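> One structure is given below, represented as structure tokens, and several questions about it will come after.
Computed from the coordinates by the stated procedures, all read-outs in this text should not be read as laboratory data. Keep in mind the model is a prediction, meaning the values are calculated, not measured. Please note: Cβ atoms are built from the backbone with ideal geometry, for glycine as well, and neighbour counts cover all protein chains shown.
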Amino acid sequence: MLKAGIMGSTGYTGAELVRLLEGHPEVELTFVDSRSYDGLKFSDVYPNLRKKVDKVCRSVEVEDVPKDTDVVFCALPHRISQQKVLPLIKSGFRVVDFSADFRIHDGKIYEDWYNTEHLDHELLKMATYGLPEWHAESIVNAELVANPGCFPTSILLPLLPLVKDRLIKSDNIIIDSKTGVSGAGRNPSAVNVFSQVNENVKAYNIGGHRHTPEIEQELSIAAGEDLKVLFTPHLIPMDRGILSTIVLPAENLKRHDIEECYEKYYGHKPFIRILEDGKLPETKAVSGSNYCDIGFVIEPRSGNLVIVSAIDNLLKGSSSQAVQNMNIMFELEESTGIEATSMWP
């Protein structure tokens with residue numbers, strides 16, 4: 001049995017991780033760290049886990065982490081996370097980090113976009129970007145896996161095969177993503193208060209969202225050249241889910257060209273579902289699962305390719321993808337513990 005602990009267990013993504021690991025057949029969950037709920041049973045914070053997870057939350061310092069722990073998940077905000085991750089790595093623990101602190105290879109770009117200093121630029125370069133469908137070979141031996149952001153996961157999975165095989169031009173990519181309110185986190189704020197979210201849809205951070213450099217970094221690596229995108233996120237009044245719509249020139253592509261490309265890269269991947277002609281993804285079809293659904297239309301009047309993807313932002317966009325990374329790190333079956341199908345309705 002693998003022994004796993006969680007730093008920052010009581011946010012939404014941390015709680016989903018607790019739920020998944022408690023049901024994982026190869027994992028023993030050894031500690032659940034929380035400063036806010038120190039001394040409370042986890043099930044008192046999340047009543048859906050009564051009689052399932054009654055562990056007591058503790059504020060755990062790095063020196064308190066049991067030496068026989070195999071992997072530590074760090075589900076803390078950026079800037080705070082690196083303060084925990086650095087001593088964990090130096091102490092010899094393998095880490096899956098949920099924050100943005102180790103996703104961007106260039107420390108200067110990280111500091112510009114996140115307006116904070118990075119404490120270890122060398123470790124930043126060494127971290128493995130944890131998109132399992134693309135970096136499994138590196139993840140196996142990684143000491144530090146940077147779990148991807150939720151928006152980038154929904155965008156990179158449909159775009160990377162087409163960029164890699166040069167089926168599309170690497171410029172003029174326009175991305176519209178819509179996310180549920182859980183993406184704003186658990187702490188109450190003007191962003192997620194019911195009276196301002198209900199019956200309201202809004203765009204935010206047009207061209208300036210902090211996930212932009214992460215998206216551009218991975219697409220640029222695949223393309224072999226610097227690449228820019230125009231990314232616009234929207235907040236919509238639902239609990240969870242991301243729907244991304246990507247528009248770019250079709251460049252005389254035929255449907256079978258794209259289908260063959262997706263089959264080449266994803267035909268053997270358990271959590272990517274390419275939808276047949278005439279069907280498009282929807283968030284309800286992936287809610288509660290680790291699936292990413294991808295569909296597309298070649299629109300003849302405008303000459304554009306329109307790709308749509310859907311994920312659960314808390315799962316494939318965060319916690320179940322982290323478990324998928326852990327499974328690969330420890331050479332378990334990739335889908336172990338995260339096989340659940342989506343909930344409907």
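> Take every Cα pair under 8 Å in the chain that's 6+ residues apart, average their separations, divide by the length, and report that relative contact order as a whole percent.
On the way: 744 pairs, mean separation 58.7, N = 345.
For the chain, the relative contact order is 17 percent.
> Neighbour counts of other C-beta atoms within 10 Å: give me 106, 101 arranged from fewest to most. Spell out each step's value before the answer.
On the way: 106 14, 101 29.
So the ranking, lowest neighbour count to highest, is 106, 101.
> Among the trypsin sites (Lys or Arg not before Pro) within the stretch 1-41, which fall in a DSSP loop and have no more than 16 other Cβ atoms within 10 Å of their own Cβ? Please report the intermediate quantities before stating the final value.
On the way: sites: 3, 19, 35, 41; in loops: 35.
Here the trypsin sites (Lys or Arg not before Pro) that fit, given the DSSP loop and packing criteria, are 35.
> I would also like to ask the following. Rounded to the nearest 10 degrees, what's the angle between the helix 212-223 long axis and the longest principal axis of the chain, both from Cα atoms, 0 to 90?
Here the helix axis deviates by roughly 60 degrees.
> Moving on. Any idea what diffusion coefficient the chain gets from Stokes-Einstein, in µm²/s, Kirkwood Rh on alpha carbon pairs, 10 °C, 1.306 mPa s?
On the way: Rh = 20.5 Å.
Roughly 77 µm²/s, to the nearest whole number.
> With both bridge residues required to lie in the stretch 190-345, what share of the DSSP beta bridges run antiparallel, to the nearest 5%? The partial results should precede the final answer.
Details: 17 of 20 bridges.
Among the beta bridges of the stretch 190-345, antiparallel pairing accounts for roughly 85 percent.
> Set Lys and Arg Cβ to +1 and Asp and Glu Cβ to -1, take the dipole of the chain about its Cα centre, and tell me which of 110, 36, 232 lies farthest positive.
The residue sitting most towards the positive pole is 36.
> At q = 0.11, 0.13, 0.23, 0.30 Å⁻¹, what log₁₀ I(q)/I(0) does the stretch 273-336 have when each alpha carbon counts as one equal point scatterer in the Debye sum?
-0.34, -0.45, -0.90, -1.14
> Write down the percent of antiparallel bridges among all DSSP beta bridges whose residues are both part of the chain, to the nearest 5. Don't skip to the answer; put the middle values down first.
On the way: 24 of 53 bridges.
Of those bridges, close to 45 percent are antiparallel.
> Could you compute the FRET efficiency for residue 299 and residue 63, with r as their C-beta to C-beta distance and R0 at 56 Å, rounded to 0.05?
Values: r = 58 Å, r/R0 = 1.03.
Given R0 = 56 Å and the Cβ-Cβ separation, E is 0.45.
> Related question: How high is the relative contact order of the stretch 151-311, given as a whole-number percent (alpha carbon pairs under 8 Å, six or more residues apart)?
Numbers: 302 pairs, mean separation 47.2, N = 161.
Contact order relative to length: 29 percent.
> Dipole of the stretch 242-345, Cα-centred, from +1 at each Lys and Arg C-beta and -1 at each Asp and Glu C-beta, to the nearest 20 debye? Don't jump to the answer; show the numbers that get you there.
Working: 9 positive and 15 negative charges, 56 e Å.
So the dipole magnitude of the stretch 242-345 works out to roughly 280 debye.
> How would you rank 144-156, 48-60, 318-330, highest first, on the average number of other Cβ atoms within 10 Å across their residues? Kindly include the intermediate steps, with their values, before the conclusion.
Numbers: 144-156: 27.2, 48-60: 15.1, 318-330: 25.5.
With the highest mean Cβ count within 10 Å placed first, the list reads 144-156, 318-330, 48-60.
> In Å, what Kirkwood hydrodynamic radius results for the stretch 151-311 from the alpha-carbon pair distances? Intermediate results must be reported in sequence, preceding the final value.
On the way: mean 1/r = 0.0610 Å⁻¹.
About 16.4 Å, per the Kirkwood formula over Cα pairs.
> Now for a different question. GluC sites (Glu not before Pro) within the stretch 248-307: which are DSSP loop residues with at most 16 other Cβ atoms inside 10 Å?
Values: sites: 251, 259, 260, 263, 276, 282; in loops: 251, 276, 282.
Taking the stretch 248-307 and a limit of 16 other Cβ atoms within 10 Å, the loop GluC sites (Glu not before Pro) found are 251, 276, 282.
> Roughly how many debye, to the nearest 20, is the charge dipole of the chain about its Cα centre, given +1 on each Lys and Arg Cβ, -1 on each Asp and Glu Cβ, and no other charges?
Dipole size: approximately 840 debye.
> Could you compute the net charge surrounding residue 182? Neighbours are other residues with a C-beta less than 11 Å from the C-beta of residue 182; K and R count +1, D and E count -1. Show your work: numbers first, answer last.
Numbers: positive: 186, 240; negative: 16, 239, 312.
Here the count lands on -1.
> Suppose R0 equals 35 Å. What FRET efficiency, 1/(1 + (r/R0)^6) with r the Cβ-Cβ distance, do residue 54 and residue 140 give to the nearest 0.05?
On the way: r = 34 Å, r/R0 = 0.97.
It comes to 0.55.
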